[in-house]
Amino acid sequence: MSALTIDGDFCPEKLVVAVAAEPAKEKTMEKTATQPIADAGTPFADRLRALGGAVLPPLLGLLILLGVWYVATLKGGSIPGPGKTWDAAVVLFADPFYQNGPNDQGIGWNVLSSLQRVGIGFGFAALVGIPLGFILGRSAFLAAMINPIISLLRPVSPLAWLPIGLLVFKRADPAATYTIFICSIWPMIMNTAQGVQRVPQDYLNVARVLALSEWKIVTKILFPAVLPYMLTGIRLSIGTAWLVIVAAEMLTGGVGIGFWVWDEWNNLKVEHIIIAIFVIGIVGLILEQSLILLARKLTKESD
C-alpha cells in the first residue's frame, strides 16, 4: 500500500477544502484585478458638477426674480411683496378643492376645468389637423388650394373667434373650447405638412417600386420621418391653447383659472392674481416638459 494510504495525516476533508480554496483565490484575484475597470465610470464629483450645472442656473434666476420683486415692493404700494403673497398662498392651497356654489370654488377646480377645455379643444384639433397636414403634404394641388386659406385665417387673434363661437353654440363653455380648437389647429397642420414634404424622395421611390399601398406608405415611411415635425407642432399648439384659455375664460366666465383671475381682481385680491400667474406658468411648463419627454421617447423608439 502506498504511503498516501497509510499516512495518518491524510484527511479527505482537508483535500477537498484545499482544492476548493484555489478557485476562490483565483476569483478573488480576478475581482481585485478587474475592480478598477468596473469603477472607471463617471466620478461622483463630475456627477455632482453636472447636477449643479443643471439646477443652479434656474435656481439663481428664480432668486434674482424674487429679489427684484422684493426690492420693487419694499416701500409698499398696490402690488404685494413676496412675503404677503406667500402667506396668501399658504391659506389658498390649504384647501384648493373647496366648493361653496357654482361660482365659488377652489383654485384646484378652476385649473382642472381649464385643463379639461384645453384637452377637448386640443384633442379635436389634433384629430383634424394632423391628418390634414399629411394630406396637404402628399398633394401639391390641395396644398396650393388650402395654403392661402390657412395664411388668411392663421394671423387672426384667437379671441376674435370667441364671438362666433358664442353665436353658434349659445353657451360660454363650448365657445371657449371652440376657440382652443381654432388656435391649436394651425401649428399642427403646417408642421405636419412641412415634415411630409421634407421626406426624401428616395424613400417614396422605393415604396413605388415595392408597390406599397398608401396606408403602408403613411404608416411605415412617412409617419416615422414626420414624427419630429408633428411633435413640434403639438408642442406649439398646446402652449398656444393654454395661453388662450385664460383670456377666453375672462370673457366667458364660469369655472376656470381665467375667470378666477378676473373674479379675484373684482375682489381686489391682488396677491391671488400673482399666485394665479405662477400657477398658470407652472402648469404650462409641466405641459411643455411632458410633451418634450414624450417626443424624446417616441423619437428614440422610431429610430
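The values are calculated or read from the model by the stated rules, or taken from the named source; none is laboratory data. The model shown is predicted, which means the values in this text are computed figures rather than measured ones. Cβ: placed from backbone, ideal geometry, glycine included. Neighbour counts: every protein chain shown. The area values use the complete protein model at the heavy-atom level, side chains included, leaving out ligands, DNA and RNA. Shrake-Rupley method; radii C 1.70, N 1.55, O 1.52, S 1.80 Å.
At a 1.4 Å probe radius, carbon and sulfur cover how many percent of the accessible area of the chain? Walk me through the numbers on the way to the answer.
Details: 13430 of 19500 Å².
Answer for the chain: carbon and sulfur cover 69 percent of the accessible area.
Residue-wise, which Karplus ³J(HN,Hα) couplings in Hz belong to segment 134-150, taking 6.51 cos²θ - 1.76 cosθ + 1.60, θ = phi - 60°, and x for glycine or proline?
So the Karplus estimates, Gly and Pro as x, are 4, 5, 5, x, 8, 10, 5, 5, 5, 5, 5, 7, 8, 4, x, 5, 5 Hz.
Between [x] 1.65; [y] 1.24; [z] 0.98, which entry matches Cα Rg over 2.2 N^0.38 Å as derived from the coordinates of this structure?
Correct label, based on the coordinates given: [x].
How charged is the neighbourhood of Pro102? Take every other residue with its Cβ under 14 Å from the Cβ of Pro102, and add Lys/Arg as +1 and Asp/Glu as -1.
Numbers: positive: none; negative: Asp104, Asp173, Asp263.
With Lys, Arg at +1 and Asp, Glu at -1, the neighbours total -3.
So for Thr232, Thr73, what's the accessible-area order with a 1.4 Å probe, most first? Don't skip to the end; give the middle numbers.
On the way: Thr232 60, Thr73 25 Å².
Listed by decreasing accessible area, they come as Thr232, Thr73.
What are the equivalent ellipsoid semi-axes of segment 80-173, built from the alpha-carbon gyration tensor (square roots of five times its eigenvalues), in whole angstrom, biggest first? Don't jump to the answer; show the numbers that get you there.
Numbers: eigenvalues 335, 54, 41 Å².
Whole-Å semi-axes of the equivalent ellipsoid: 41, 16, 14.
Sorted by packing (mean other beta-carbon atoms within 10 Å per residue), highest first, where do 87-100, 49-62, 257-270 land?
Values: 87-100: 12.1, 49-62: 10.1, 257-270: 17.5.
Top to bottom by mean Cβ count within 10 Å: 257-270, 87-100, 49-62.
Taking only protein heavy atoms and a 1.4 Å probe, what accessible area per residue, in Å², does segment 171-254 have with all protein chains in place?
Values: 4000 Å² over 84 residues.
Here the per-residue accessible area is 48 Å².
What number, rounded to the nearest 500 deg cm²/dmol, is the helix-based mean residue ellipticity at 222 nm of the chain, given -39500 (n - 2.57) per DSSP H run of at least four residues and division by all its residues? Show your work: numbers first, answer last.
On the way: 12 runs with 233 residues, N = 303.
Calculated from helices alone, the mean residue ellipticity at 222 nm is -26500 deg cm²/dmol.
Relative contact order of the chain, please, whole-number percent, based on alpha carbon pairs below 8 angstrom and at least 6 residues apart.
So the answer I get is 19 percent.
Taking the full set of protein chains and a 1.4 angstrom probe, give the accessible area of Phe141 in square angstrom, rounded to the nearest 10.
150
Calculate one ³J(HN,Hα) per residue across segment 119-128 by plugging θ = phi - 60° into the Karplus curve 6.51 cos²θ - 1.76 cosθ + 1.60, and present them in order as whole Hz with x for glycine and proline.
Karplus-based 3J(HN,Hα) across segment 119-128 equals x, 5, x, 5, x, 5, 5, 5, 5, 8 Hz.
If one computes the Cα centroid of segment 252-270 and of segment 60-122, what distance in Å separates the two points?
Using only Cα atoms to place each centre, the spacing works out to 11 Å.
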